[in-house]
Amino acid sequence: MNGHPHGHGNPDEFAPRLIAWELTRSCPLSCKHCRAAAHHGPYEGELTLPEIRKVVDRIASRFKPIMILTGGEPMLRPDLIDIIRHVTKAGMRPVMATCGSLLTEEKAAAIKEAGVERISVSLDGPDEASHDAFRGIPGAFKSAMAGLESARRAGLEFQINTTVTRSNVGQLEAVLDLAIAQGAVAFHPFLLVPTGRGKGIQDEVLSAEEYERVLNRIYDLKLASAIPFKPTCAAHYYRVLRQREAEAGRTVTRETHGLDAMSKGCMGGLSFAFIGHRGVVQICGFLDEPAGNLRDVDFDFTRIWDESPLFLKLRDFANYKGKCGVCEYRRWCGGCRARAYGLTGDYMAPEPSCSFEPKGWRKRMAEQAPVNNAG
């Protein structure tokens, strides 16, 4: 296949390594950036426990990905423990994303006993004022910190996630310090993708030049960090990583397994997928474009993974447009397809937050420019 990122036809070459599953869209918070524009609900038509079990069994019959149980707030599902146990029994590794506000020591212990290896809790500022303003609910910071305390007492590992915007980019080091002080085992900064409620805060999206500066800052912080540090929704960090490592005379070792693995930039449709609360499969939670509905294929996720035209299109780099289509770093980066969609309306467009110029790009543009024959 022309432009194929790997160049051979093994059908399991693109095996899902991570699947994020929105168990419910209901959520007690009202975050400014929420991709799902979630509220407390309830939401009609969410997948039932028997349906979820069928999906899990179909996936496990062929793949064994890490399963990220998310929402909304997954703890609002009364059958959460049953879901975790079924994922664990099927041979997959469950982890969970939670806002922390519903987490007690008893619930944390039950989640761990059912098989969850790690939870993530988001802190979008190092203090009550900054975090609560972003999360849209007074007391969100205090409840998140109480949730972390419950996880510590139960011996449940947790990582801290942070959505990076113009408002808090200057607080990144302070949030990292707080994460370490709280006992986090990892820190994952997410670069804002303007979708869902996030469309209303597009002025918080970093410019391409600001993005470049923060990615280089993240590289420096990661080198010095006492805990694993994984930038997410930051596809061209993987280009920055290779540039900086080459300058230092080091070779990048590709990590493809584990909760903090540094593999490549945009993994959507390549080694990552998202399952929505009503069974719609997407390349990720931020790109609201359906690849298929599990209820239409007898809950067989593998059929959508193998046959979805959206997934197949993304797996052929010949379809990538502009700079992303010719960039020498495209197999490591790929650009954020969701950010391209959110800012341009075209998920195959070049990453709008990238200032890098591929080799020969200016010459190519000059050759394609219309000739002025006037006079």
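As a length-normalised measure over Cα pairs under 8 Å and 6 or more apart, the relative contact order of the chain settles at 18 percent. Over the chain, DSSP H runs of length four or greater, each weighted -39,500 (n - 2.57), average out per residue to a 222 nm ellipticity of -10000 deg cm²/dmol.
In order along segment 79-93, the phi-based Karplus estimate (6.51 cos²θ - 1.76 cosθ + 1.60, θ = phi - 60°) of 3J(HN,Hα) comes to 9, 4, 4, 4, 5, 4, 4, 5, 4, 5, 4, 6, x, 9, 9 Hz; Gly and Pro are listed as x. Taking the Cα centre of segment 18-317 as origin and assigning +1 to Lys and Arg Cβ atoms and -1 to Asp and Glu Cβ atoms, the resulting dipole is close to 560 debye. The 3J(HN,Hα) values that the Karplus relation (6.51, -1.76, 1.60; θ = phi - 60°) gives for segment 228-234 are, in residue order, x, 9, 10, x, 10, 6, 9 Hz. Gly and Pro appear as x. Candidates GLY139, ILE275, GLY155 compared by Cα position along the dipole of the chain: farthest toward the positive end lies ILE275, with charges placed on Cβ. Angle of helix 105-114 to the longest C-alpha principal axis of the chain, folded into 0 to 90 degrees and rounded to 10: 70°. Residues whose amide H comes within less than 5 Å of that of VAL280, counting only those at least five positions distant or on another chain, are LEU294 (H built at 1.01 Å from N in the peptide plane). Placing unit charges on each Cβ (+1 for Lys and Arg, -1 for Asp and Glu) gives the chain a dipole about its Cα centre, and among SER26, VAL164, SER61 the Cα reaching farthest toward its positive end belongs to SER61. Largest GNM mean-square fluctuation across MET67, MET145, MET96, computed for the chain with C-alpha springs under 10 Å, falls on MET145.
Ordered by the number of other Cβ atoms lying within 10 Å of each residue's own Cβ, fewest first, PHE229, PHE274 fall into the sequence PHE229, PHE274. Relative to the compact-globule estimate of 2.2 N^0.38 Å, the Cα radius of gyration of the chain comes out at 0.99. The string of couplings for segment 21-27 from the Karplus curve (6.51, -1.76, 1.60, θ = phi - 60°) is 10, 7, 5, 8, 8, 4, 7 Hz, one whole number per residue in order, with x for Gly and Pro. Debye-formula intensities of segment 88-156, expressed as log10 I(q)/I(0) at q = 0.11, 0.19, 0.26 Å⁻¹, are -0.28, -0.71, -1.05 (one equal scatterer per alpha-carbon, no solvent). Can you return the lysines within cross-link range of LYS264? Criterion is Cα-Cα under 25 Å, with same-chain partners fewer than 8 residues away left out. Within the straight-line limit of under 25 Å, LYS264 reaches these lysines: LYS64, LYS222, LYS230, LYS313, LYS321, LYS323, LYS359. Exposure proxy ranking for SER122, SER61, based on other Cβ atoms within 10 angstrom of each Cβ and starting from the fewest, stands as SER61, SER122. Taking other Cβ atoms within 10 Å as a rough exposure proxy, GLU106, GLU51 sort from fewest to most as GLU106, GLU51.
Values quoted throughout were computed directly from the atomic coordinates according to the rules given, and no laboratory measurement underlies them. None of these values were measured; they are calculated from a predicted model. Please note: Cβ atoms are built from the backbone with ideal geometry, for glycine as well, and neighbour counts cover all protein chains shown.
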